[in-house]
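J.: This is the structure I want to talk about, given as structure tokens.
The values are calculated or read from the model by the stated rules, or taken from the named source; none is laboratory data. Because the structure is predicted, anything quoted here is derived from the model rather than measured. Glycine also receives a Cβ, built like all others from the backbone with ideal geometry; neighbour counts cover every protein chain displayed. Please note that ligands, DNA and RNA were not included when accessible areas were found on the heavy atoms of the full protein model with its side chains. Shrake-Rupley method; radii C 1.70, N 1.55, O 1.52, S 1.80 Å.
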Amino acid sequence: MIRKIIFYFILIITMMNEIISTQTDPTVIAIINSVSIDSLYENLKELTGEKSVVVPSGTQFISSRVYTSAGNVVAEEYLQLRLRKYELETSLQTFDAGGGNVIGIQHGKKRPNQKIIICAHFDSRPYTGSAPGADDNGSGTAAVLEAARILSKFQTDYTIVYALWDNEEPGSFGSDYYAQQASSKKDSI
């Protein structure tokens, strides 16, 4: 589980080379030095119901993130609050398949119309019983939250979209919906 989180985060940091000029740049070094295994693990414990979260409806445990479960709605609220905590513009992108993508936007300074997406899906399986989804895809979601925590402190040239897809387990509905919307708006990604 921790290896998967570290893998996702290394992948994100590698992609940051496109956002900030070179790997020898002091900003990149500061970003890398800001990564916290403890923070990643806390994110994962909250997402998998091992630790409670506080959302507008009260203190809850996210024991299941199956797209049809009440826990999935709690996860949406939790993820929006976490992205707002980093002073990102947040929204819940709802779609016909009954899900809600959680989106956080960090506007770029030099090329705000060009977007880089850092994403994962937050729903999980199995469809019955507990579905904490640590490996699929709590770890990826934890890495996106960690990236938002760190990168939101920096000015970037490009706009960063932190996208947490819903309804991916039953058929990639969340990411497909986002892609269709981005295509119709002719987003530069």
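J.: Rounded to the nearest 0.05, what FRET efficiency do LYS186 and PHE154 have when you use their Cβ-Cβ distance and R0 = 25 Å?
T.: E(calc), rounded to 0.05, equals 0.40.
J.: Suppose every K and R has +1 on its Cβ and every D and E has -1 on its Cβ; what is the size of the dipole of region 37-90 about the Cα centre, in Debye to the nearest 20? Don't jump to the answer; show the numbers that get you there.
T.: Details: 6 positive and 8 negative charges, 20 e Å.
In total the dipole reaches around 100 debye.
J.: Show me the trypsin sites (Lys or Arg not before Pro) within region 95-167 that DSSP assigns to loop and that have at most 15 other Cβ atoms within 10 Å of their Cβ.
T.: Listed in order of number, the matching sites are LYS109, LYS110, LYS153.
J.: Ok, one more. Please report, as a whole percent, how much of the solvent-accessible surface of region 71-128 comes from carbon and sulfur atoms (probe radius 1.4 Å). Each step should come with its number before you reach the end.
T.: Details: 1390 of 2910 Å².
Heavy-atom surface of region 71-128 belonging to carbon and sulfur, 1.4 Å probe: 48 percent.
J.: May I pose another question? Distance between Cα centroids, region 40-114 to region 130-189: provide it in whole Å.
T.: Measuring centre to centre over Cα atoms gives 10 Å.
J.: Between (i) 62; (ii) 53; (iii) 48, which matches percent of Cα pairs over 21 Å apart calculated for the structure shown?
T.: (iii)
J.: A follow-up question, please. Quick check: the angle from helix 70-85's long axis to the longest principal axis of the chain, C-alpha only, nearest 10 degrees?
T.: For helix 70-85, the angle is close to 20 degrees.
J.: Probe radius 1.4 Å, ligands and nucleic acids left out: which of HIS107, HIS121 has the largest accessible area, and how do the rest follow?
T.: Ranked list, largest accessible area first: HIS107, HIS121.
J.: Still on this structure, I have one more. Averaged per residue, what accessible area in Å² does the chain show with a 1.4 Å probe, protein chains only?
T.: Details: 9300 Å² over 189 residues.
That works out to 49 Å² per residue.
J.: Taking the Cα centre of region 81-173 as the origin and placing charges on Cβ (Lys, Arg +1; Asp, Glu -1), which of GLY138, SER172, SER152 is farthest toward the positive end of the dipole?
T.: Going by the Cα projections, it comes out as SER152.
J.: Round to the nearest 10 and give me the degree value, 0 to 90, for the angle of helix 173-184's Cα axis relative to the longest principal axis of the chain.
T.: It is inclined by approximately 40 degrees.
J.: Can you give the angle from 0 to 90° between the axis of helix 139-151 and the longest principal axis of the chain, with both taken from C-alpha atoms, to the nearest 10?
T.: Long axis of 139-151 versus the principal axis of the chain: about 40 degrees.
J.: Out of the DSSP beta bridges found with both residues in the chain, what percent are antiparallel (nearest 5)?
T.: About 60 percent, rounded to the nearest 5.
J.: If you don't mind, another one. Which of the peptides 39-45, 142-148, 159-165 is most tightly packed, and how do the rest follow, going by the mean number of other Cβ atoms within 10 Å of each residue?
T.: 142-148, 159-165, 39-45
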